[in-house]
Amino acid sequence: MKDKVVIFDKVIKSYPSYTHITGGIKNFLIHFNKSIRNFKKRHVVLKEISFEISQGECVGFIGRNGVGKSTLLGLIAGVLKPDSGKIFVKGKVSPLLELGAGFHPELTGRENIILNGVLLGMTKEEVFSKIDSIIEFSGIKNFIDQPIRIYSSGMVARLAFSVIAHLDPEILLIDEVLAVGDIEFQKKSYNKIVEFKQKGITMVLVSHDLESIKRLCDRVIWLENGKIEMDGRPEEVVEEYQKSIIKE
Amino acid sequence: MKDRNFKYYLDLITVLVAKELKVRYKNSYLGYFWSLLNPLAMALIFYFAFKVIMRVPIENYSFFLITGLFPWQWFSNSVGSSPGILLSNTSLIKKVKFPVYFIPFTNVLNDAVHFLLTIPVITVFGLFFSKIPSLVWLLGIPLWFFTQFLLTYGLALLISSINLFFRDLERLVMVFLLILFYVTPVFYDITLVPEKYRKILFLNPVSGIIMGWRDLFMKGAFDFKFYCFYLIYSFILFTFCFYVFKRLSYKFAEVL
């Protein structure tokens, strides 16, 4: 029996409706009663979710928009707190950020690697020891000392993924960012993910791209109405999920 | 592990501050002079309005203005930019478990570095009025720096976090800074204020800090009791702000 690295035990997560206050103080005061009422009315996203993920497993989450997949990743990363229930996570969690998040357009590729590497949890020393290999992997050697505002979006994506690929994560969270760059780089990043798998890195994927989920994951969990509808082998779960969508 | 954490936080701060400074100075070697331009222009305007036109009875008025405007600039830049700083790091806060209070910290530190860089300008100005830097500066500069940092950082934490929930706070902050500027003795001296309003002015923590800087730069004076009062005052405000920030920080990823 392998170690459990992620355990969710009857986790409930709800959000209050923030729309009335993020509309500003003016709106809040004008619609005071309504705002308070709305604030109390919470929208439940996850209803008593329980599952476990073992060391080295690659688990995919599928489901409709707004079913709580990203919330789930936020809970694993520890940036969100559950209303109730227990969450246990063992190891360093590295989320794969949206492309270029945390990058600054005026800085060069090299400077952005350092910035991003440190923001994602490496010390400067660790970044410096890997920087050559990161640049090599990204394949944008000629432009690395140019500000990234002149990069194409594909190039930024490659740089971002290259930093992540050198993080040595223990648990990797991937939210819809697999298809980046040109075909060659897609292949490269796909291979990197396979390599992560072979190294025994635990991965949690969220995607609407059912094909890549099927190819990469050992297990797929289907979320519906805040609950786990099905949990099992990728082909079976994806097939059932597709059937349910066609039925509608 | 403890050791690594400390090293990591240090790296995090240096990388974030270096980023801001690099971005600011990347495209202009004149960057330093640009950051002087605003307070100097303000000094010029106030000099014209209050010395030339209204003839305030303050000696060495241009030097007087600069000793107040430079530290004020630091305070007002940091507080003025604080509403947007968490919003501009949305994707980071939403996905990475990360000591978020470092974002306002580096923002304030960045403006603080700029302020420190203006001290030579203050010194040169002083020399024109035959004010020679005194040894008291060695003690006074770090101490007042610390107090102002504490107060500014506290407000930046408070405003940046509340702004996530009430997105129009930014407008109020601008009005707040405008009012605060006039109830702080930046371009006038506290002795010109009628006795009955003076107490209220002393209650404004920024007043104390500006007066402290000015006494230090103009007279080489450092009043220990006066300093301690504003240090404790700033510390209490900071603690309150940090507490609010901490309480709200669990909700950041939800509202962003």
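The values are calculated or read from the model by the stated rules, or taken from the named source; none is laboratory data. Quick caveat: nothing in here was measured; it's all calculated off a predicted structure. Note that each Cβ is placed from the backbone with ideal geometry, even for glycine, and that neighbours are counted across all protein chains shown.
The table below gives the values:
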| read-out | value |
| --- | --- |
| Neighbours by Cβ (under 7 Å, 6+ apart or cross-chain): first from region A:43-60, within 22 Å of B:Glu254 (Cβ to Cβ); second part of a loop (DSSP other than H, G, I, E, B) and among the hydroxyl-bearing types (Ser, Thr, Tyr) | A:His43/A:Ser17 |
| Any hit, region B:150-162, residues being closer than 30 Å to B:Ala253 by Cβ, polar (S, T, N, Q), touching an Asp or Glu at 6+ places or on another chain (Cβ under 7 Å) and modelled with pLDDT under 95 | no |
| Region B:105-133: number of residues that are assigned to a helix (DSSP H, G or I) and farther than 26 Å from B:Leu151 by Cα | 5 |
| Positions within region B:7-49 being closer than 15 Å to A:Glu111 by Cβ, in contact (Cβ under 8 Å) with a residue 60 or more places away in the chain and of a type in the set (Val, Ile, Thr), in sequence order | B:Val17 |
| Every pair of residues 6+ apart whose Cβ atoms lie under 6 Å, when the first sits in region A:14-37 and is more than 10 Å from every other protein chain (Cβ to nearest Cβ) and more than 21 Å from B:Ala253 (Cβ to Cβ) while the second is at pLDDT 70 or above and part of a helix (DSSP H, G or I) | A:Ser35/A:Phe28 |
| Unique residue being modelled with pLDDT of 90 or more, among the hydrophobic types (A, V, I, L, M, F, W, C) and part of a helix (DSSP H, G or I) when the list is B:Phe33, B:Phe6, B:Phe70 | B:Phe70 |
| Per-region count, region A:145-164, residues of a type in the set (Phe, Trp, Tyr) and either part of a helix (DSSP H, G or I) or under 15 Å from A:Tyr190 (Cα atoms) (or both) | 1 |
| Test: residue in region B:32-46 that is exposed (fewer than 14 other Cβ atoms within 10 Å of the Cβ), within 11 Å of chain A (Cβ to nearest Cβ) and over 19 Å from the mean Cα position of the chain (by Cα) | no |
| Members of region B:216-255 found to be among the basic types (Lys, Arg), within 14 Å of B:Leu157 (Cα to Cα) and modelled with pLDDT of 95 or more, listed by number | none |
| Failed item in (1) in contact (Cβ under 8 Å) with a residue 60 or more places away in the chain; (2) buried (at least 20 other Cβ atoms within 10 Å of the Cβ), with B:Phe146 passing the rest | (2) |
| Residue tally, condition touching a residue at least 60 places away in the same chain (Cβ under 8 Å) and surrounded by 13 or more Cβ atoms within 10 Å (Cβ to Cβ), over region A:191-213 | 10 |
| B:Leu21 vs. criteria out of contact with any Phe, Trp or Tyr (no Cβ under 6 Å at 6 or more places or on another chain) and away from chain A (no Cβ under 12 Å) | no |
